[in-house]
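Notes for the one structure printed next.
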Amino acid sequence: MKYKIAVCDDNETDQAYVIGFLNTWAQQNNRATEVHSFASAEEFLFQYADEKDYHVLILDIEMGKMNGVELARKLRMGNSELQIVFVTGFPDFIAEGYDVDAIHYLMKPLERDRFYKAMDKAIERIRLVEPYIILQEKGETLRLNLRNILYAEVFSHSCVIHTTGGSIEQKVSITELEKSFGEQFVRVHRSYLVNLERVKQIRKTEIVLENDEIVPLSRRKYNEVNLAVIRYFKGKI
(Lines give C-alpha, C1' and ligand atoms only; values in the text may rest on other atoms or scores of the structure.)
Protein backbone atom coordinates (compact mmCIF):
# COMPACT_ATOMS: atom_id res chain seq x y z
CA MET A 1 0.00 0.00 0.00
CA LYS A 2 1.22 3.48 -0.84
CA TYR A 3 0.64 6.11 1.85
CA LYS A 4 -0.22 9.59 0.65
CA ILE A 5 1.23 12.13 3.08
CA ALA A 6 0.91 15.92 3.22
CA VAL A 7 3.39 18.20 4.97
CA CYS A 8 1.92 21.64 5.67
CA ASP A 9 4.34 24.24 7.03
CA ASP A 10 5.00 27.84 5.98
CA ASN A 11 8.68 27.57 6.90
CA GLU A 12 10.61 26.02 3.99
CA THR A 13 13.49 24.88 6.19
CA ASP A 14 11.20 23.11 8.66
CA GLN A 15 9.21 21.62 5.79
CA ALA A 16 12.35 20.19 4.20
CA TYR A 17 13.45 18.84 7.60
CA VAL A 18 10.18 16.94 8.05
CA ILE A 19 10.30 15.55 4.52
CA GLY A 20 13.85 14.36 5.13
CA PHE A 21 12.71 12.49 8.25
CA LEU A 22 9.76 11.07 6.31
CA ASN A 23 11.93 9.74 3.50
CA THR A 24 14.35 8.08 5.91
CA TRP A 25 11.51 6.57 7.97
CA ALA A 26 9.86 5.22 4.81
CA GLN A 27 13.12 3.71 3.55
CA GLN A 28 13.97 2.06 6.87
CA ASN A 29 10.48 0.60 7.24
CA ASN A 30 9.99 -0.33 3.59
CA ARG A 31 6.96 1.98 3.27
CA ALA A 32 5.82 3.25 -0.12
CA THR A 33 4.96 6.94 0.24
CA GLU A 34 3.79 9.82 -1.91
CA VAL A 35 4.68 13.09 -0.18
CA HIS A 36 3.12 16.47 -1.04
CA SER A 37 4.17 19.78 0.55
CA PHE A 38 2.07 22.88 1.23
CA ALA A 39 3.04 26.34 2.46
CA SER A 40 -0.31 27.24 4.01
CA ALA A 41 -3.55 25.77 5.32
CA GLU A 42 -5.43 27.44 2.46
CA GLU A 43 -3.14 25.83 -0.13
CA PHE A 44 -3.75 22.39 1.36
CA LEU A 45 -7.55 22.93 1.49
CA PHE A 46 -7.57 23.92 -2.18
CA GLN A 47 -5.81 20.67 -3.12
CA TYR A 48 -7.87 18.63 -0.66
CA ALA A 49 -11.10 19.72 -2.35
CA ASP A 50 -10.12 17.53 -5.32
CA GLU A 51 -7.95 14.95 -3.55
CA LYS A 52 -9.39 13.59 -0.32
CA ASP A 53 -7.28 10.42 -0.34
CA TYR A 54 -4.51 11.66 1.98
CA HIS A 55 -3.63 9.23 4.76
CA VAL A 56 -1.47 11.46 6.99
CA LEU A 57 -1.22 15.23 7.45
CA ILE A 58 1.88 16.56 9.22
CA LEU A 59 0.78 20.02 10.22
CA ASP A 60 2.43 23.14 11.60
CA ILE A 61 0.19 25.26 13.83
CA GLU A 62 1.41 28.84 13.51
CA MET A 63 0.74 29.72 9.84
CA GLY A 64 -0.59 32.80 8.05
CA LYS A 65 -4.32 33.54 8.10
CA MET A 66 -5.52 30.06 9.06
CA ASN A 67 -3.59 28.15 11.71
CA GLY A 68 -3.16 24.41 11.89
CA VAL A 69 -5.82 23.83 14.55
CA GLU A 70 -8.42 25.71 12.49
CA LEU A 71 -7.50 23.61 9.45
CA ALA A 72 -7.76 20.39 11.47
CA ARG A 73 -11.23 21.37 12.72
CA LYS A 74 -12.43 21.98 9.17
CA LEU A 75 -11.06 18.62 8.04
CA ARG A 76 -12.60 16.76 10.97
CA MET A 77 -16.09 17.92 9.98
CA GLY A 78 -15.97 15.53 7.03
CA ASN A 79 -13.07 13.17 7.67
CA SER A 80 -12.43 11.32 10.90
CA GLU A 81 -9.85 8.93 9.43
CA LEU A 82 -7.16 11.38 8.28
CA GLN A 83 -4.22 10.94 10.67
CA ILE A 84 -2.97 14.32 11.89
CA VAL A 85 0.44 14.96 13.47
CA PHE A 86 1.07 18.48 14.76
CA VAL A 87 4.60 19.84 14.53
CA THR A 88 5.17 23.24 16.12
CA GLY A 89 7.47 25.46 18.11
CA PHE A 90 4.69 26.59 20.45
CA PRO A 91 3.20 24.49 23.28
CA ASP A 92 0.13 26.73 23.72
CA PHE A 93 -2.24 24.68 21.55
CA ILE A 94 -1.70 21.19 23.01
CA ALA A 95 -5.24 20.83 24.43
CA GLU A 96 -6.82 22.05 21.19
CA GLY A 97 -4.61 19.69 19.21
CA TYR A 98 -5.99 16.67 21.01
CA ASP A 99 -9.55 18.00 20.61
CA VAL A 100 -9.23 17.22 16.89
CA ASP A 101 -7.91 13.72 17.58
CA ALA A 102 -4.32 14.41 16.58
CA ILE A 103 -1.98 11.44 16.90
CA HIS A 104 0.81 13.46 18.41
CA TYR A 105 1.97 16.97 19.23
CA LEU A 106 5.66 17.19 18.35
CA MET A 107 7.77 20.15 19.35
CA LYS A 108 10.38 21.79 17.13
CA PRO A 109 13.20 21.07 16.71
CA LEU A 110 11.98 17.60 15.83
CA GLU A 111 13.37 14.55 17.58
CA ARG A 112 13.82 11.76 15.07
CA ASP A 113 12.72 8.90 17.33
CA ARG A 114 9.56 10.68 18.47
CA PHE A 115 8.70 11.49 14.87
CA TYR A 116 9.22 7.87 13.82
CA LYS A 117 6.98 6.65 16.67
CA ALA A 118 4.27 9.09 15.59
CA MET A 119 4.43 7.81 12.00
CA ASP A 120 4.34 4.19 13.19
CA LYS A 121 1.22 5.00 15.20
CA ALA A 122 -0.36 6.68 12.17
CA ILE A 123 0.18 3.57 10.03
CA GLU A 124 -1.20 1.34 12.77
CA ARG A 125 -4.37 3.44 12.96
CA ILE A 126 -4.75 3.53 9.18
CA ARG A 127 -4.66 -0.25 9.05
CA LEU A 128 -7.53 -0.41 11.53
CA VAL A 129 -9.71 1.82 9.34
CA GLU A 130 -11.78 0.11 6.67
CA PRO A 131 -10.44 1.03 3.21
CA TYR A 132 -12.65 3.31 1.16
CA ILE A 133 -12.72 5.31 -2.06
CA ILE A 134 -13.92 8.88 -2.61
CA LEU A 135 -16.32 9.28 -5.56
CA GLN A 136 -18.24 12.17 -7.07
CA GLU A 137 -21.91 11.51 -7.82
CA LYS A 138 -24.40 14.14 -9.01
CA GLY A 139 -22.18 16.94 -7.74
CA GLU A 140 -21.77 15.41 -4.29
CA THR A 141 -18.79 13.72 -2.66
CA LEU A 142 -19.45 10.09 -1.77
CA ARG A 143 -17.28 7.92 0.47
CA LEU A 144 -17.69 4.25 -0.42
CA ASN A 145 -16.23 1.42 1.68
CA LEU A 146 -14.40 -1.01 -0.61
CA ARG A 147 -15.91 -4.00 1.18
CA ASN A 148 -19.35 -2.89 -0.05
CA ILE A 149 -18.31 -3.15 -3.71
CA LEU A 150 -19.17 -6.38 -5.55
CA TYR A 151 -17.64 -5.62 -8.94
CA ALA A 152 -17.19 -2.93 -11.56
CA GLU A 153 -17.86 -3.15 -15.29
CA VAL A 154 -17.25 -1.05 -18.35
CA PHE A 155 -20.47 0.49 -19.61
CA SER A 156 -20.37 2.64 -22.73
CA HIS A 157 -17.82 5.43 -22.03
CA SER A 158 -17.85 5.01 -18.25
CA CYS A 159 -17.79 2.38 -15.52
CA VAL A 160 -20.60 1.11 -13.33
CA ILE A 161 -19.66 0.15 -9.76
CA HIS A 162 -22.04 -2.48 -8.40
CA THR A 163 -22.34 -2.37 -4.62
CA THR A 164 -24.39 -4.13 -1.97
CA GLY A 165 -26.67 -1.09 -1.97
CA GLY A 166 -27.03 -0.42 -5.69
CA SER A 167 -25.01 0.82 -8.66
CA ILE A 168 -22.96 3.98 -9.19
CA GLU A 169 -21.85 5.22 -12.61
CA GLN A 170 -18.49 6.98 -12.86
CA LYS A 171 -16.80 8.72 -15.79
CA VAL A 172 -13.52 6.86 -15.30
CA SER A 173 -11.75 3.99 -17.03
CA ILE A 174 -11.65 0.53 -15.50
CA THR A 175 -7.85 0.85 -15.35
CA GLU A 176 -8.20 3.95 -13.14
CA LEU A 177 -10.60 2.07 -10.85
CA GLU A 178 -8.21 -0.87 -10.66
CA LYS A 179 -5.44 1.42 -9.42
CA SER A 180 -7.75 3.09 -6.88
CA PHE A 181 -9.25 -0.11 -5.49
CA GLY A 182 -5.94 -1.88 -4.76
CA GLU A 183 -5.05 -5.55 -4.26
CA GLN A 184 -8.49 -6.48 -2.92
CA PHE A 185 -9.75 -6.31 -6.52
CA VAL A 186 -8.69 -8.29 -9.57
CA ARG A 187 -9.32 -7.81 -13.30
CA VAL A 188 -11.12 -10.99 -14.40
CA HIS A 189 -11.99 -9.75 -17.89
CA ARG A 190 -11.09 -6.70 -19.94
CA SER A 191 -14.44 -5.23 -18.91
CA TYR A 192 -14.80 -6.50 -15.33
CA LEU A 193 -13.10 -5.88 -12.00
CA VAL A 194 -14.13 -8.09 -9.06
CA ASN A 195 -13.82 -7.75 -5.27
CA LEU A 196 -12.00 -10.88 -4.05
CA GLU A 197 -13.83 -10.62 -0.72
CA ARG A 198 -17.11 -11.23 -2.57
CA VAL A 199 -16.08 -14.24 -4.67
CA LYS A 200 -17.91 -17.49 -3.87
CA GLN A 201 -16.70 -19.70 -6.73
CA ILE A 202 -14.31 -19.55 -9.68
CA ARG A 203 -15.36 -21.51 -12.75
CA LYS A 204 -13.54 -21.89 -16.04
CA THR A 205 -15.37 -19.03 -17.75
CA GLU A 206 -17.17 -17.19 -14.95
CA ILE A 207 -17.00 -15.92 -11.40
CA VAL A 208 -19.85 -16.57 -8.99
CA LEU A 209 -20.24 -13.85 -6.38
CA GLU A 210 -21.65 -14.35 -2.89
CA ASN A 211 -25.01 -12.91 -4.00
CA ASP A 212 -25.02 -15.48 -6.87
CA GLU A 213 -24.43 -12.89 -9.56
CA ILE A 214 -22.31 -14.17 -12.45
CA VAL A 215 -19.38 -12.21 -13.85
CA PRO A 216 -17.56 -13.33 -17.03
CA LEU A 217 -14.04 -14.73 -16.58
CA SER A 218 -11.60 -14.57 -19.47
CA ARG A 219 -10.02 -17.99 -20.15
CA ARG A 220 -6.55 -16.48 -20.24
CA LYS A 221 -7.22 -14.89 -16.83
CA TYR A 222 -8.25 -18.13 -15.10
CA ASN A 223 -4.84 -19.04 -13.60
CA GLU A 224 -4.01 -15.42 -12.79
CA VAL A 225 -7.27 -14.95 -10.88
CA ASN A 226 -6.80 -18.16 -8.90
CA LEU A 227 -3.29 -17.09 -7.90
CA ALA A 228 -4.56 -13.64 -6.92
CA VAL A 229 -7.16 -15.21 -4.63
CA ILE A 230 -4.53 -17.45 -2.98
CA ARG A 231 -2.09 -14.56 -2.47
CA TYR A 232 -4.73 -12.22 -1.12
CA PHE A 233 -6.23 -14.55 1.46
CA LYS A 234 -2.85 -15.99 2.45
CA GLY A 235 -1.80 -12.44 3.33
CA LYS A 236 -4.79 -12.05 5.62
CA ILE A 237 -4.05 -15.17 7.70
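Results, tabulated for the structure shown:
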quantity: In Hz, Karplus ³J(HN,Hα) per residue of the stretch 174-179 (6.51, -1.76, 1.60; θ = phi - 60°; x = Gly, Pro); calculated: 5, 5, 5, 5, 4, 5
quantity: Rounded to 5, percent antiparallel among DSSP beta bridges of the chain; calculated: 60
quantity: Share of carbon and sulfur in the accessible heavy-atom surface of the stretch 79-195 [1.4 Å probe, %]; calculated: 48
quantity: Whole-angstrom Cα spans of the chain along principal axes, big to small; calculated: 63, 40, 26
quantity: In order through the stretch 42-47: 3J(HN,Hα) via Karplus (6.51 cos²θ - 1.76 cosθ + 1.60), integer Hz, x for Gly, Pro; calculated: 5, 5, 5, 4, 4, 6
quantity: Which of THR33, THR88, THR13, THR141 is most accessible, then next, and so on - probe 1.4 Å; calculated: THR13, THR141, THR33, THR88
quantity: Prolate/oblate/rounded label for the stretch 1-60 (Cα gyration tensor, a/c 1.5); calculated: oblate
quantity: Antiparallel %, DSSP beta bridges [both residues in the stretch 51-184], to 5; calculated: 70
quantity: For the chain, size of Cβ-based charge dipole, Lys and Arg +1, Asp and Glu -1, in debye; calculated: 1440
quantity: Two-site FRET efficiency, GLU81 against ARG112, from Cβ-Cβ distance with R₀ of 25 Å, rounded to 0.05; calculated: 0.40
quantity: With at most 15 other Cβ atoms within 10 Å, longest stretch of the chain clear of loop GluC sites (Glu not before Pro) (DSSP); calculated: 112-182
quantity: Interchain or long-range residues, amide H under 5 Å from VAL35's placed H; calculated: ILE5
quantity: Note, ³J(HN,Hα) from phi for the stretch 60-73, Karplus 6.51, -1.76, 1.60, rounded to Hz, x at Gly and Pro; calculated: 6, 9, 7, 9, x, 6, 10, 7, x, 5, 4, 4, 4, 5
quantity: Shape of the stretch 133-236, Cα gyration tensor, a/c cut at 1.5; calculated: prolate
quantity: For MET63, distant residues with modelled amide H under 5 Å away; calculated: GLY68
quantity: The chain - mean residue ellipticity at 222 nm from DSSP helices (-39,500 (n - 2.57) per run, n ≥ 4, rounded to 500); calculated: -10000 deg cm²/dmol
quantity: Global geometry of the stretch 68-169, whether rounded, prolate or oblate, following the gyration tensor of its Cα atoms and the 1.5 cut on a/c; calculated: prolate
quantity: Whole-number accessible area per residue in Å² for the chain, which is evaluated in the context of all protein chains at 1.4 Å; calculated: 56
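The values are calculated or read from the model by the stated rules, or taken from the named source; none is laboratory data. Predicted model, so just to flag it, every value in this text is computed and none were measured. FYI the Cβ positions are ideal-geometry reconstructions off the backbone, even for glycines, and counts take in every protein chain you see. Note: accessible area is taken over every heavy atom of the protein model, side chains too, but ligands, DNA and RNA are not part of it. Shrake-Rupley method; radii C 1.70, N 1.55, O 1.52, S 1.80 Å.
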